[in-house]
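The values are calculated or read from the model by the stated rules, or taken from the named source; none is laboratory data. Please read these numbers as outputs of a predicted model, since none were measured by experiment. Cβ atoms come from the backbone with ideal geometry, glycine included; neighbour counts cover every protein chain shown. Accessible surface areas use protein heavy atoms only, side chains included; no ligands, DNA or RNA. Shrake-Rupley method; radii C 1.70, N 1.55, O 1.52, S 1.80 Å.
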Amino acid sequence: MTVRRRSSRFVAGLLGTGLLGAAASGQVDRTDMPWALKLGARVHACERNFPVVSQVVLVPDARTYLQEIARWSIRGQWPILFEDDPHAAGFIRRFAPDVILRVASAGEIEPQKLEADIVTTIESVWAGDGVRDADSLVERFELLGWTPPGIVVADPDDPAWTAAVALGAGRGLPVVFHDVDLGPVDGEMPSSTLADFERFLRAEVDRTDLRWREMGDDIDTVTVCKRMPIKCRMAVPKAAQVWHAALDPGTGPYATTDALGRDDRGDRWGYVGTIWGDEARAASMAMSSLFLPRTDIWLVSGYERSGPWAVYDMDEIAEKLPDRGYEVSLNSDRSASGENWLRLVMGGISADVFYLNSHGFRDVFHLFKNARLRSQDLPVLDHPMVVSMVHSFSLQRPDDRDSVGGRFLERGVYGFLGSVDEPFLMAFVPPKIQLERISAGVPFLIAGRYWPGEGMMSGVWKIAAIGDPLMLAPSDRIQPRKRMPASSDFAPPDAMDLRASTRALMETLREEPGRAVEAMSDLVLFGQDEVARGVWRFIRTNEDRVTVAKAARVALGPLFRARDWAAFVDAYRLTSIEDRDGEARDMLWHLATPQLLNIKDPEILLVLAGEARAPIDAVDLRRLGPHLDRVVGTGASRAAVERRLETVTDDARRKALKKLIGQ
């Protein structure tokens, strides 16, 4: 089944609760509201009190980023992105600001002052009459009538502090500092380290003097903005063990975000999310959570409609969501076949929220009728997105781009629910329940978790949460956050208008064609793909091969999104070998694979053979093989595999390649 529905103009109250409207007007009766709805209402009320200014500010470094966040206030907030963030262009395409501004560097960060600077920045955003002399952030919030719903953990020595300061300032959360190395993301946190970190979290929330020991108290969430193993080991208290005939609770591995935020009995006191990465990536994840809409939902189910899989069917909820203000695309049954998937991802995907029912392993996902796809078949994203996967092992190695979760995160996913191990089907909250919850105002990452009292799967288990646990995904047609036009009141001093500067740059191209790369990059950054393609056509005939090669790499994105295969493959062949990175190869294959039967140019097929993607190059060569033999000649596919074997030393890759030629 394939469905594409848009929301009706009339939008009824969310599930009849009127929750979000009540939150925005301060009329929430908190006495009998379920804790998860109350939490969502608190977040929504905070967002409604901070209008969004329709501008994006691009900064060159961390000091300038911090300085720009300090300019937020109760009058307005706006996205701030690092200029070298690879996902900045996608963010801007979705946010669609009135203006895009560049600012010059404010200098270097002073590491010894960073903790104080982070706190001072948040204080300046939450300034008000009579609160400037508050002794702490929590006291400042209290004097302003705000009770923080969570805390944020930062490490001055970890670059993800950029997410912590944004979430602290944007959501009104106290930031606590933890300078102990917890280990690599793809590793496992030992039980002793887990216990120490849990004690640290409890001590820090206790110091706030806010209630936190049960869900529904003041503090309900923790966002860990630093590198932390996604998996952990521990001896789970008996009351929090997951028991089932097929399961042995053992010692793990468990999802670290699921094991934290629990008391000594294993009862949950808070939900935990994690953000890591360099300064640009962490900032982008926080800014996406704070400012991007999440109203366009893509649902894909590769499951049968019988037995235990029937519970995960998404057809019924897909019919309901448009009347709640969402746009919905649904692919199930034959429209969720592997062949159709490869057609769907041509040119990229533009959904805000993605729910996928599949099965497989760390680097494999299966769709309808057990169609087997690999991580390299995951879509290139038109803009940042959040994902919930019913799939074992999707987040076993999220820092590895060749895993399912790792490829999604590299592409710009900023919120992710997935499994670090084999959790068994019943461990996943069915998507229809998750979607009922988020449309009612429950935060996205919490909507996808079992809640206290919901059975054995609410114990310590294997579902991990990446991102901001307070991120909402309600329709913006229901009590939308106020958006203000950009104006000089909010523009940074001496900021440069990117559109104006690019127009001036365009006028110089005939005399200075070497600046075409700069012009194309700026055009792509603010969403002018069509104009960028026009500049590429102009510069394509230039005699300066270095300029053409650099411009060709910039042109790949706009040509890919336009699904212009002929122009794309021409630009790809002109792109230097060094610039043919993972994203470029994925775009090449995503455009090529569904139309291999139509390619009759042997040179193009030979280019594809040379660009088979490691470490799963055997998959690309298997798909390409019959077409090489058809166009180039019998034996061409075998020759391509043998050429690849000459350069491959990894045993697993060699075994897969040899299997293609019967060895």
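Accessible area per residue (1.4 Å probe, heavy atoms of protein chains only) ranks HIS590, HIS627 as HIS627, HIS590, with the largest value leading.
With R₀ set to 56 Å, the beta-carbon distance separating ARG211 from ARG573 gives a calculated FRET efficiency near 0.35. Our summary gives the chain a relative contact order of 15 percent, counting only alpha carbon pairs under 8 angstrom and 6 or more residues apart. Under the combined filter of DSSP loop state and at most 15 neighbouring Cβ atoms within 10 Å, the stretch 46-119 retains these trypsin sites (Lys or Arg not before Pro): ARG75.
Assign one of three labels to the stretch 192-287, namely rounded, prolate or oblate, based on the Cα gyration tensor with a ≥ b ≥ c the square roots of its eigenvalues; rounded applies when a/c is under 1.5, prolate when it is not and a/b is larger than b/c, and oblate otherwise. Note, shape of the stretch 192-287 comes out oblate. With each label modelled as a point 7 angstrom along the Cα→C-beta vector, the TRP309-PHE538 pair spans 5.3 nm.
Note on LEU605: accessible area approximately 0 square angstrom, rounded to 10, probe 1.4 Å, nucleic acids and ligands left out. Computed over the stretch 80-233, the P(r) tail beyond 26 angstrom holds 37 percent of alpha carbon pairs.
The simple Förster model, with R0 at 30 Å and r as the Cβ-Cβ distance, assigns MET456 and ALA203 a FRET efficiency of 0.50.
Extension gain for ALA504 to GLU83 (0.36 nm times residue separation, less C-alpha to C-alpha distance): 149.6 nm. Between ASP333 and SER124, the contour length at 0.36 nm per residue exceeds the Cα-Cα span by 69.9 nm.
Partner lysines whose Cα lies under 21 Å from the Cα of LYS320, excluding those fewer than 8 positions away in the same chain, are identified as LYS432.
Treat every Asp and Glu Cβ in the chain as -1 and every Lys and Arg Cβ as +1, leave all other atoms uncharged, and give the resulting dipole magnitude about the Cα centre to the nearest 20 debye.
My answer is approximately 2380 debye.
Among the trypsin sites (Lys or Arg not before Pro) within the stretch 578-663, those in coil by DSSP and having at most 12 neighbouring Cβ atoms inside 10 Å are LYS600.
Label separation (ARG372 vs SER136): 5.6 nm, computed from points 7 Å beyond Cα along the C-beta direction. Under 12 Å of direct C-alpha separation, and excluding same-chain neighbours fewer than eight residues apart, LYS226 reaches these aspartates and glutamates: ASP155, ASP157, ASP158, ASP179, ASP181, ASP278, GLU279. When you filter the trypsin sites (Lys or Arg not before Pro) in the stretch 285-386 for DSSP loop state and at most 16 other Cβ atoms inside 10 Å of their Cβ, you are left with ARG305. Quick one: with all protein chains in place, what share of the accessible area of the chain is carbon or sulfur, to the nearest percent (1.4 Å probe)? Of all accessible area on the chain, carbon and sulfur atoms account for 49 percent.
Applying 1/(1 + (r/R0)^6) with R0 = 25 Å to the Cβ-Cβ distance of LYS658 and THR634, what FRET efficiency is obtained, to the nearest 0.05?
On the way: r = 20 Å, r/R0 = 0.78.
With a Förster radius of 25 Å, E is 0.80.
Straight-line cross-link partners of LYS482 among the aspartates and glutamates, defined as a Cα under 15 Å from its Cα and at least 8 positions apart when in the same chain: GLU47, ASP98. Comparing MET496, THR541, SER458 along the charge dipole axis of the stretch 458-593, the residue lying farthest to the positive side is SER458, per the Cβ-charge model. In the chain, helical runs assigned H by DSSP with n ≥ 4 each contribute -39500 (n - 2.57); averaged across all residues and rounded to the nearest 500, the mean residue ellipticity at 222 nm is -11000 deg cm²/dmol.
Relative to the Cα centre, the charge distribution of the stretch 521-663, modelled as +1 at Lys and Arg Cβ and -1 at Asp and Glu Cβ, gives a dipole magnitude of about 560 debye. Over all directions, the projected convex hull of the C-alpha atoms in the stretch 410-497 averages 9.4 nm² in area.
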